[in-house]
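Trainee: Dropping a structure here in structure tokens format, bear with me for questions.
The values are calculated or read from the model by the stated rules, or taken from the named source; none is laboratory data. Note that the structure is a prediction, hence the values are computed from the model and not measured. Ideal geometry is used to build each Cβ from the backbone, glycine not excepted, and the neighbour counts take in all protein chains shown. The accessibility values were calculated without ligands, DNA or RNA, using every heavy atom of the protein model including side chains. Shrake-Rupley method; radii C 1.70, N 1.55, O 1.52, S 1.80 Å.
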Amino acid sequence: MTVHIASKITQLQLNHPFKISRRETDAYREVISVEIDDGIGEAAPAKFYGETVQTVEKALGTLSSALDGNLDEIQDVMAGIESTLDGNYAAKSAIDMALHDRLGKKLGVPLYKLWGLNPHKTPCTSFTIGLDEPAVMAEKVLQAEAYPILKVKLGTPRDIEIFQTLRNVTDKPIYVDANTAWTPKEAVKKIRQLAQYGVALIEQPTKPDDIAGIKYVREHSELPIIADESVKRASDIPALVNAVDGINIKLVKCGGILEAIRMIHTARAHGLLVMIGCMIESSLGITAAAHLTPLVDYADLDGNLLISNDPYIGVTLENGKLILPDRPGIGVLTTT
Ligand code: MG
């Protein structure tokens, strides 16, 4: 028996054109939602990881043939999916999310309860300030008054100037994300300067495959170093031990909730800090990830806050703290 996966592409309109060190985006980002029975999930594919909504659609066609057997047995279903097709982790993540949503609805429990988690242990999410002219970034910081933690994208020749400008308008905790833009030596120098202005952590200073480079940065820096582009799945973690202080997990990078849980426990076994991050996603993908946040140190789940036409209502914020919905499954409602 082949299970039908219904899918639909949605354009999420961005409040501001969103820029990071390696590119500028258009005014919108495309995601693809999937339905398996009454379970729903979402893929937010990233070109950096080789996926688009077109590759996701194609992958879903291939993977629907692997959706046989008992869909409640998500471990087995996802193992079958993994052996059917390499890569395509955003597509796999959408299926994994839909299967979890379906199971939670069937059992009448929210995801956090399915895993025995305390919903009050969610952290505050950071709110991301994309790259722009320093004065424009400072204005965005002022507009982000509701969020107690900021994440600032850097990776330009003007990094220190930008950071000084932001520190003139805020004393909130700030995470800095260089998105692979710095050389190891440049990173050490910049981190030393940035630290004087107060920075909580540094995300992915250097190239994804340069483990020796990021290790060098960590050994010469006072601030916690978190790997993002260097770590996609649990099997990437052992190579990063002693090279970084923590990892940033994203459902669309790793292939879904099951693999994210594996990564959390693998990271903990190696004494690493854990962040859960996101792409530009609707409240569907963001809420799915939010259910895992009682297990992590840092949440960077703001993709839904950066868009103006969110099709869903799910996780909400109270002074920046993630408030999980207590409806069954992922627990989102449609807004249309
Ligand atoms: Mg990052």
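Trainee: Kirkwood hydrodynamic radius (Cα pairs, Å) of the stretch 150-196?
Mentor: Answer for the stretch 150-196: a Kirkwood hydrodynamic radius of 11.0 Å.
Trainee: Could you tell me the accessible area of Asp26 in Å² (1.4 Å probe, neighbours in place), rounded to the nearest ten?
Mentor: 100 Å²
Trainee: Let me ask another. Give me log10 I(q)/I(0) at q = 0.13, 0.19 Å⁻¹ for the stretch 252-308, Debye formula, one equal scatterer per alpha-carbon, no solvent.
Mentor: -0.31, -0.64
Trainee: Which three semi-axes in whole Å describe the equivalent ellipsoid of the stretch 209-336, each the square root of 5 times a Cα gyration tensor eigenvalue, listed largest first?
Mentor: For the stretch 209-336, the ellipsoid semi-axes come out as 29, 14, 13 Å.
Trainee: Another question, then. Going through the DSSP H helices of the chain, which span 20 Å or more along their own axis at the Cα atoms while scoring at least -1.0 as a mean Kyte-Doolittle hydropathy?
Mentor: Those that clear 20 Å and a mean of -1.0 are 89-107.
Trainee: Would you calculate a helix-derived [θ] at 222 nm for the chain, using -39,500 (n - 2.57) for each DSSP H run of n ≥ 4 and dividing by the full residue count, to the nearest 500?
Mentor: -9500 deg cm²/dmol
Trainee: Kindly work out what percent of the DSSP beta bridges joining two residues of the stretch 113-334 are antiparallel, to the nearest 5.
Mentor: Here the antiparallel bridges make up roughly 20 percent for the stretch 113-334.
Trainee: Moving on. Heavy-atom accessible area per residue, the stretch 6-108, 1.4 Å probe: how many Å²?
Mentor: 45 Å²
Trainee: Turning to a different aspect of this structure: Return the Rg/Rh ratio of the stretch 6-108 with Cα-based radii and a Kirkwood Rh.
Mentor: With Rg and the Kirkwood Rh in hand, the quotient comes to 1.03.
Trainee: Here's something else I'd like to know. Compute the distance in nm between two label points, each set 7 Å from the Cα along the Cα-to-Cβ direction, one at Asp297 and one at Ala135.
Mentor: 3.8 nm
Trainee: Amide H neighbours of Phe127 under 5 Å, counting only residues 5+ apart in sequence or on other chains, H built in-plane at 1.01 Å?
Mentor: Ile149, Leu150, Lys151
Trainee: Using the Kirkwood formula on the Cα atoms of the stretch 159-253, what hydrodynamic radius do you get, in angstrom to one decimal?
Mentor: 13.5 Å
Trainee: Of the heavy-atom accessible surface of the chain (probe 1.4 angstrom), what whole percent is carbon and sulfur?
Mentor: 50 percent
Trainee: Still on this model: To the nearest whole percent, what portion of all C-alpha pairs in the stretch 107-177 is separated by more than 17 angstrom?
Mentor: Percent of Cα pairs beyond 17 Å in the stretch 107-177: 49.
Trainee: Under the Kirkwood approximation applied to all pairs of distinct alpha-carbon atoms, what is the hydrodynamic radius of the stretch 113-334 in Å?
Mentor: 17.7 Å
Trainee: Find the accessible area per residue for the stretch 143-246; the probe is 1.4 Å, ligands and nucleic acids are left out, and the unit is Å².
Mentor: Solvent-accessible surface per residue comes out at 43 Å².
Trainee: What is the packing order of peptides 28-35, 114-121, taking the mean over residues of other C-beta atoms within 10 Å and listing the highest first?
Mentor: The most tightly packed comes first, giving 28-35, 114-121.
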